[in-house]
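Notes follow the structure.
The values are calculated or read from the model by the stated rules, or taken from the named source; none is laboratory data. Only a predicted model underlies this, so the values are computations on that prediction, with no experimental measurement involved. We place every Cβ from the backbone using ideal geometry, glycine too, and count neighbours over all the protein chains shown.
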Amino acid sequence: MTPQYMNISYHDLLKATSGFSSENVIGTGGFGVVYKGIMAVEGIITSVAIKVLNLEQRGASRSFLSECETLRSVRHRNLIKVLSCCSSIDHRGNDFKAVVFEYMPNGSLEEWLHPKESMNSQPFESLSIMQRLNIAIDVAAALGYLHEHGPVPVVHCDLKPSNILLDNEMIAHVGDFGLARFLIRQANISSPSMTSASGIKGSIGYIPPEYGFGSQASTEGDIYSYGILLLETFTGVSPTDERFTDVSSLHSHVKMAFPSRVLDVVDSKMFLERQCPGTKTVCAPKSAHDCLVSVLQCGIQCSKESPRERGTMKQVVRELDSARMLLLR
């Protein structure tokens, strides 16, 4: 069933954001700026997130259409909920396009993993191992739905921490579908193929290597990005960190330490209360150690160079659920 969206005008959004004030900016992206706004949703005054497209940016209009079409077709508790789309004219007579989403009060995963690099001045605490694992499972569930259980298979094409948004209860929601692609299943072909490979993009550090050689968008490509996201979530290290060179990467950094030295590469802030007295060594209980081994193994598997070796999101969810059980024992 196609959801019914709110009818919102340019002037409604202008008022909701106090004239698109810079004080209400909560994020920026390749195709536009995201503002926090206050407006009535189903008769209730509430906060919303308003993504205003920069239509001078090449590809912005296509991104707007892709995002509206994708979010109109899919519904899942771990996908950001779209409230309305606005295509109008601004006060200067220029084309204006915006998408209105539910507001995520706990910001993005990017802000929690790399608070010093975040444009948001809000102080962020460190995420615990359980919080990171729950977020990882939420994202995996969303991707599993997009790839296998939605009305039509969808490839996100831009999975990264800044596109993982957290609600009041720290439940993760995958957002920003501006680069998403619908897939079609052709007869006698076991895996989905894309209707068009034009304009394949993504974010440096998360783009699967095969895309650089002209391969079409695929669910395996999303799984690679997820693997990098998973490794970053538990190490606290960005794939674009300056320590990495042409011959090293986040994948190789974790793989070299696996499995005997996993505590050397994970984010020690997960265990601040378990620091060994007088040392910088993390004193993690065996349950946490076994959990981390399982999680990092999953991240390594997902981010392998060969698409055929990465597995599926269904397998990922199963493995991470098992890892959570190890942590809880």
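List pairs: first residue in segment 216-242 and on the phi > 0 side of the Ramachandran plot, second residue outside any helix (DSSP H, G or I) anywhere in the structure, Cβ distance under 7 angstrom, at least six positions apart or on different chains.
GLY236/ASP267
Between LEU320, LEU326, LEU296, LEU292, which is over 23 Å from the mean Cα position of the chain (by Cα) and either at pLDDT 95 or above or part of a helix (DSSP H, G or I) (or both)?
On the way: LEU320 fails: over 23 Å from the mean Cα position of the chain (by Cα); LEU296 fails: over 23 Å from the mean Cα position of the chain (by Cα); LEU292 fails: over 23 Å from the mean Cα position of the chain (by Cα).
Being over 23 Å from the mean Cα position of the chain (by Cα) and either at pLDDT 95 or above or part of a helix (DSSP H, G or I) (or both) holds for just one of LEU320, LEU326, LEU296, LEU292, which is LEU326.
Quick one: SER63 ticks every box in (1) outside any loop (DSSP other than H, G, I, E, B); (2) among the small types (Gly, Ala, Ser); (3) closer than 19 Å to GLY19 by Cβ bar one, so which box is it?
(3)
Filter segment 26-67 for residues that are of a type outside the set (A, V, I, L, M, F, W, C), more than 18 Å from ASN7 (Cβ to Cβ) and free of Cβ contacts under 8 Å to residues at least 12 places away in the same chain; which is surrounded by the fewest Cβ atoms within 10 Å (Cβ to Cβ)?
GLU56
Would you mind finding the one in GLU117, GLU69, GLU125 that is at pLDDT below 90 and in the same structural domain as MET39 (by TED's automatic domain parsing)? Even if it seems obvious, please write down each step before you answer.
Values: GLU117 fails: in the same structural domain as MET39 (by TED's automatic domain parsing); GLU125 fails: in the same structural domain as MET39 (by TED's automatic domain parsing).
Checking each option against the conditions leaves just GLU69.
What are the pairs with Cβ atoms under 7 angstrom where one residue, in segment 91-107, is closer than 19 Å to PRO161 by Cβ and buried (at least 19 other Cβ atoms within 10 Å of the Cβ) and the other, located anywhere, is among the acidic types (Asp, Glu) and at pLDDT 90 or above? Sequence gap at least six, or different chains.
Going by the 7 Å Cβ cut-off, the qualifying pairs are MET104/ASP167.
Only residues that are hydrophobic (A, V, I, L, M, F, W, C), modelled with pLDDT under 95, closer than 17 Å to TYR145 by Cα and out of contact with any Lys or Arg (no Cβ under 9 Å at 6 or more places or on another chain): list them for segment 156-187, please. Walk me through how you get there before you give the answer.
Looking only at segment 156-187, we keep the residues that are hydrophobic (A, V, I, L, M, F, W, C), and these are 157, 159, 164-166, 170-172, 174, 177, 179-180, 182-184, 187.
Restricting the remaining residues to those that are modelled with pLDDT under 95 gives 157, 177, 179-180, 182-184, 187.
Subsequent filtering for residues that are closer than 17 Å to TYR145 by Cα retains 157, 177, 180, 182-184.
PHE177, ALA180, PHE182, LEU183, ILE184, listed by residue number.
For the subset of segment 14-25 comprising residues that are in a loop (DSSP other than H, G, I, E, B) and among the hydroxyl-bearing types (Ser, Thr, Tyr), which member is surrounded by the fewest Cβ atoms within 10 Å (Cβ to Cβ)? It would help to see each step written out before you state the result.
So in segment 14-25, the residues in a loop (DSSP other than H, G, I, E, B) come out as 17-21.
Subsequent filtering for residues that are among the hydroxyl-bearing types (Ser, Thr, Tyr) retains 17-18, 21.
Working: THR17: 22, SER18: 14, SER21: 10.
Result: SER21.
Take GLU102 and tell me if it is acidic (Asp, Glu), under 28 Å from ILE137 (Cβ atoms) and modelled with pLDDT of 85 or more.
Working: acidic (Asp, Glu): yes; under 28 Å from ILE137 (Cβ atoms): yes; modelled with pLDDT of 85 or more: yes.
Against the criterion (acidic (Asp, Glu), under 28 Å from ILE137 (Cβ atoms) and modelled with pLDDT of 85 or more), GLU102 qualifies.
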